[in-house]
1. Placing +1 on the Cβ of each Lys and Arg and -1 on the Cβ of each Asp and Glu in the chain, which of ALA54, LEU31, THR44 has its Cα farthest towards the positive end of the resulting dipole?
2. How far is helix 2-39 tilted, in degrees, relative to the longest principal axis of the Cα atoms in the chain, given as a value from 0 to 90 rounded to the nearest 10?
3. Subtracting the Cα-Cα distance from 0.36 nm times the residue separation, let me have the gained length for MET22 to ARG57 in nm, one decimal.
4. Based on the Cβ-Cβ distance of MET64 and ARG84, what FRET efficiency does E = 1/(1 + (r/R0)^6) give at R0 = 25 Å, to the nearest 0.05?
5. Within the range 45-84, name every residue whose backbone N is under 16 Å away from a label modeled 7 Å from Cα of LYS37 along the Cβ vector.
6. Considering only LYS71, LYS85, LYS37, give the residue with the highest GNM mean-square fluctuation for the chain, with springs between Cα atoms whenever their separation is below 10 Å.
7. Cα gyration tensor of the chain, axes a ≥ b ≥ c as square roots of the eigenvalues: rounded (a/c below 1.5), prolate (a/b > b/c) or oblate?
8. Which order do the peptides 90-97, 48-55 take when ranked by the mean count of other beta-carbon atoms within 10 Å per residue, highest first?
Amino acid sequence: MKNDSKALRNIVLISQLAICVMVPTFLCLALGIWLDKRFGTWFTVPLLFIGMAAGARNAYVLAMDTIRQEKLKKDKAQQDEIDRKVEEYRKRQEKDSSEIKR
């Protein structure tokens, strides 16, 4: 079950990355084509590069944010495990000390 949710999360992340790259690229391309037809200029190529750069930046930010969230989850799980083991150790010490006093 855990692997299924991780696989689904990865599919969603890949889809988000693709959308983050494609949307600015196609919007800038469409704007460039519209400007070229309207004014007879050559804005398509520069706007296409701007759109690709914006998409790459969006993908980078999304990937880094996802990595940071995964690291925080992992650190929290590790800290919870440490806290659980420390609590078990304290209970065992209290039990042992109460048995020694008897």
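1. Going by the Cα projections, it comes out as ALA54.
2. Once rounded, one gets 20 degrees.
3. Values: separation 35, 0.36 × 35 = 12.60 nm, distance 1.19 nm.
Taking MET22 through ARG57 to full extension adds about 11.4 nm, to one decimal.
4. On the way: r = 31 Å, r/R0 = 1.22.
Calculated value: 0.25.
5. 45, by backbone N distance to the label point.
6. Per the Cα network of the chain with a 10 Å cutoff, LYS85 tops the list.
7. Working: a/c = 10.04, a/b = 4.60, b/c = 2.19.
Here the chain falls in the prolate category.
8. On the way: 90-97: 9.9, 48-55: 17.0.
Answer by packing, highest mean first, reads 48-55, 90-97.
Laboratory data are not the source of any read-out in this text; all were calculated from the coordinates shown. A quick note: this is a predicted structure, and the numbers were derived from the prediction, not measured. Cβ atoms come from the backbone with ideal geometry, glycine included; neighbour counts cover every protein chain shown.
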